[in-house]
Amino acid sequence: MFVSVFSGQQELAGEWTVAKPIDADELRAVLDAAVRAGRSRVLVVGRSEVQPALEPALDELGIEYAWEQSGAAAGRACQERRFEVALVDVGIRNPQAVLQALDLRGRRRRRAVILFSDGVTPVPSGVGRLGMEVVPVGDAAQVVLATLREDPESRN
């Protein structure tokens with residue numbers, strides 16, 4: 001994604017531009033358009049049985065994502081592409097290993113990883129020690145969108 005503050009020099013214009021003086025509402029709208037255009041990438045690591053519950057919501061929100069089913073596959077995907085946010089199914093085998101395999105684009109792990117549960121599979125005890133909230137699968141897509149809209153610098 002390339003958003004720029006337009007300085008009058010066309011060669012410096014990004015995919016989306018905001019003219020000076022910067023209007024906060026215009027900037028917010030441009031950033032929202034950039035996110036909705038599918039420029040932000042999300043890595044979903046989850047079991048195939050939860051895909052039907054999550055994929056329609058991600059698609060409806062226009063979130064570009066890749067789906068992997070193991071920590072090893074997630075690690076390989078992170079080497080091939082850069083992801084901004086990871087959505088991890090706590091019901092997957094060894095979710096802690098999945099978290100270790102992740103390499104996300106410049107964000108702190110606790111801020112860029114969202115854990116979700118199908119509400120049926122028990123949350124492994126080791127996940128509770130991570131100190132991370134687990135969201136219901138029905139809320140996961142909206143939480144991803146909110147995370148993508150946040151400024152990572154403001155969370156450090």
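How much net charge surrounds Ala53 when only other residues with a Cβ under 12 Å from its Cβ are counted (Lys, Arg +1; Asp, Glu -1)?
Values: positive: Arg47; negative: Glu49, Glu55, Asp89, Asp118, Asp139.
Cβ neighbours under 12 Å give a net charge of -4.
Assuming R0 = 41 Å, what is the FRET efficiency of Gln96 and Asp32, from their Cβ-Cβ distance, to the nearest 0.05?
Numbers: r = 34 Å, r/R0 = 0.82.
Computed FRET efficiency for Gln96 and Asp32 comes out at 0.75.
Among residues other than Val137 whose Cβ falls under 11 Å from its Cβ, what is the net charge (Lys/Arg +1, Asp/Glu -1)? Before the final figure, lay out each step's value.
Working: positive: Arg47; negative: Glu49, Glu55, Asp89, Asp118, Asp139.
For residues surrounding Val137, the net value is -4.
What is the local net charge at Gln69, summed over the other residues whose Cβ is closer than 11 Å to its Cβ (Lys, Arg +1; Asp, Glu -1)?
Details: positive: Arg47, Arg93; negative: Glu49, Glu68, Asp89.
In short, -1.
With a point put 7 Å past each Cα toward its Cβ, work out how far Ala66 is from Ser48 in nm, to one decimal.
The modelled label-to-label distance comes out at 2.0 nm.
How high is the FRET efficiency between Val120 and Glu150 when r is their beta carbon distance and R₀ equals 41 Å, given to the nearest 0.05?
Efficiency for this residue pair is about 0.90.
Laboratory data are not the source of any read-out in this text; all were calculated from the coordinates shown. Because the structure is predicted, anything quoted here is derived from the model rather than measured. For neighbour counting, all protein chains shown are included, and Cβ atoms are generated from backbone atoms with ideal geometry for every residue, glycine included.
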